[in-house]
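Some notes on the structure that comes next.
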């Protein structure tokens, strides 16, 4: 009797626990769904109000490079107009919501920025998974393979020069290139963890033959990319095989020897 009673009692408790767990999970799912609905509503209301304000304003192009070039040319208001028009066509672009939030934050409109970042988080997460497009400028001659100066320092450094990476007229000089002129080149990344091969279009055989040395094949350059951070928190960054990188303007010595370091 006691043994049977004990088994029945345990079964009853388990059933209650499972029932409570199901109720709890259902409540969590319902709460999350309500929160997502609230975020979507707030974003839609913000978009509707802001679009009404810019009624009649023109935008030459709603593609992202054009919008970013407006921002870098200190035309923040025009960049916002183009982003709003782009989001009016499709409001499911998490990257554009994130960028719109950063522009509102730049103008000191924190409430609008928060709404944008919440919508971006809902669409692409707290942090975007990888850099979609890498912009490369180079190659330049190099002194040492570990540490060398910025070849663009006389133009304000890479931080200043990279603001013009969408400008097709932007050109720089390098004795490694035919004609001595190089321009920005874009490399796409399609998924997290994918290795992007940077291969400058240089006739290395001619250079080696003319100088009689393989040392000319050692070169340096800059790659520039960006990822969205839509929520407060810690972000780990890893840069393998490079000696220097800047993260949001902060200079960091990278992992040139591939020791799997994180920052």
task: Along Cα→Cβ, 7 Å out, is where each label goes; now give me the distance between the ones at residue 203 and residue 34 in nm to one decimal.
output: 7.1 nm
- prompt: How long is the gain from residue 192 to residue 242 if the chain were fully straight, where each residue apart is worth 0.36 nm and the alpha carbon distance is subtracted?
  reply: 16.1 nm
query: Just how far, in whole angstrom, is segment 53-128 from segment 196-255 if you go by their alpha carbon centroids?
result: 29 Å
- line: Between residue 110 and residue 211, the two model label points (7 Å from Cα along the beta-carbon direction) sit apart by a distance in nm of 5.3 nm
query: Hey, with R₀ at 45 Å, roughly what FRET efficiency would residue 256 and residue 52 work out to, going by the Cβ-Cβ distance, to 0.05?
result: 0.30
- prompt: In segment 231-247, which residues have a backbone nitrogen under 18 Å from the label point lying 7 Å from residue 160's Cα in the Cα-to-Cβ direction?
  reply: 246
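May I ask for the equivalent-ellipsoid semi-axes of segment 84-200, computed as the square root of five times each C-alpha gyration tensor eigenvalue and listed largest first in whole Å?
On the way: eigenvalues 235, 59, 41 Å².
Equivalent ellipsoid semi-axes, largest first: 34, 17, 14 Å.
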query: If one puts a single equal scatterer on every Cα of segment 125-177 and applies the Debye formula without solvent, what log₁₀ I(q)/I(0) results at q = 0.24, 0.31 Å⁻¹?
result: -1.08, -1.35
- line: Rounded to whole angstroms and listed largest first, the alpha-carbon spread of the chain along its three principal axes comes to 97, 61, 27
Segment 26-102 - Rg (one decimal) and Dmax (whole number), Cα, Å: 14.7, 50
query: Of all DSSP beta bridges located in the chain, what percent are antiparallel, nearest 5?
result: 95 percent
- request: Jot down the radius of gyration and Dmax of segment 133-232, Cα atoms only, both in angstrom.
  value: 15.2, 54
query: Rounded to the nearest whole Å³, what is the per residue volume of the convex hull around the Cα atoms of segment 23-172?
result: 157 Å³
task: Quickly work out the residue 231-to-residue 130 label distance, labels modelled 7 Å from Cα along the C-beta direction, and quote it in nm with one decimal.
output: 2.2 nm
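The numbers here are math on the coordinates, done by the rules we state, and not lab data. Everything quoted here is computed from the prediction, not taken from an experiment. When we count neighbours, we look across all protein chains shown, and the Cβ atoms used for this are built from the backbone with ideal geometry, even at glycine.
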